[in-house]
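All remarks here apply to the structure that follows.
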Amino acid sequence: SSTAISLAFAESIHSIASKLEHEHAKGKTVFLFSSVSEGEGKSTIAANSALSLAAAHSSVLFIDLDLRRPVQADFLNVKLSKKGAFGDLLVSGASARDILASAAIDPATGMEMLLSNRSYTDMIDLITSPLLAQVIGIAREKYDYVIIDSPPLGYFADSEVLSDLSDGTVLVIRQDVAPAAEIND
């Protein structure tokens, strides 16, 4: 455990992971993390929740599908080759099994990750592609948990589209920042 992480933050992550475990016991596997706007901590919460589950010896696939502004490769300090970037693999039309086989692996937890290190302009085409649905379908069977980091709901329809591929959504809201009207929308 890092001294740079507050006890309250660590407990919050543990609480979220526990709730995901409870939902997993009901047969849910794929969880989408979104927020209303940028800067609410969605990517941080998604990554740490995935790491927490993986540290508890669950098989976890973490997917950065915020392909407009992917941050997880930097956040998790994962070096990607051009051939290993998830968005590039989707664009190239690689097979779903080849995409999953290319996942980076966190050495500390064994968590597998599909990450990108550049932005994509054809986002809607990528997330509505049958290939992405195949990747998530295979992952649903292979892993205990599939955690997806998606773009904020308030800016793009991406999360709404991706919610059709998930079993549940975690909406991350920064206290006293997101207006109630935006949350309700």
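Numbers at a glance
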{"quantity": "The stretch 127-144, residues that are of a type outside the set (S, T, N, Q) and open to solvent by 10 Å² or more (accessible area, probe 1.4 Å)", "calculated": "PRO130, LEU131, ALA133, GLY137, ILE138, ARG140, GLU141, LYS142, TYR143, ASP144"}
{"quantity": "Test: residue in the stretch 139-156 that is hydrophobic (A, V, I, L, M, F, W, C) and modelled with pLDDT under 95", "calculated": "yes"}
{"quantity": "Qualifying residue in the stretch 73-85 (condition: acidic (Asp, Glu) and within 21 Å of GLU160 (Cα to Cα))", "calculated": "no"}
{"quantity": "Test: PHE86 is aromatic (Phe, Trp, Tyr) and either under 14 Å from ASN117 (Cβ atoms) or surrounded by fewer than 24 Cβ atoms within 10 Å (Cβ to Cβ) (or both)", "calculated": "yes"}
{"quantity": "Single residue of the stretch 163-172 satisfying the filter (touching a helix residue (DSSP H, G or I) at 6+ places or on another chain (Cβ under 6 Å) and of a type outside the set (Gly, Ala, Ser)) that is modelled with the highest pLDDT", "calculated": "LEU165"}
{"quantity": "Residues that are crowded, with 17+ Cβ neighbours inside 10 Å and either under 20 Å from LEU67 (Cβ atoms) or without any contact (Cβ under 8 Å) to a residue 24 or more places away in the chain (or both), drawn from the stretch 104-118", "calculated": "ALA104, MET111, GLU112, MET113, LEU114, LEU115, SER116, ASN117"}
{"quantity": "Search result, residues across the stretch 47-81 that are hydrophobic (A, V, I, L, M, F, W, C), under 17 Å from HIS14 (Cα atoms), crowded, with 17+ Cβ neighbours inside 10 Å and more than 12 Å from the chain's Cα centre (by Cα)", "calculated": "LEU53, ALA54"}
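The values are calculated or read from the model by the stated rules, or taken from the named source; none is laboratory data. Remember, it's a predicted structure, so these values are computed and weren't measured experimentally. Reconstructed Cβ throughout: ideal geometry from the backbone, glycine too, with neighbour counts over all protein chains shown. Note: accessible area is taken over every heavy atom of the protein model, side chains too, but ligands, DNA and RNA are not part of it. Shrake-Rupley method; radii C 1.70, N 1.55, O 1.52, S 1.80 Å.
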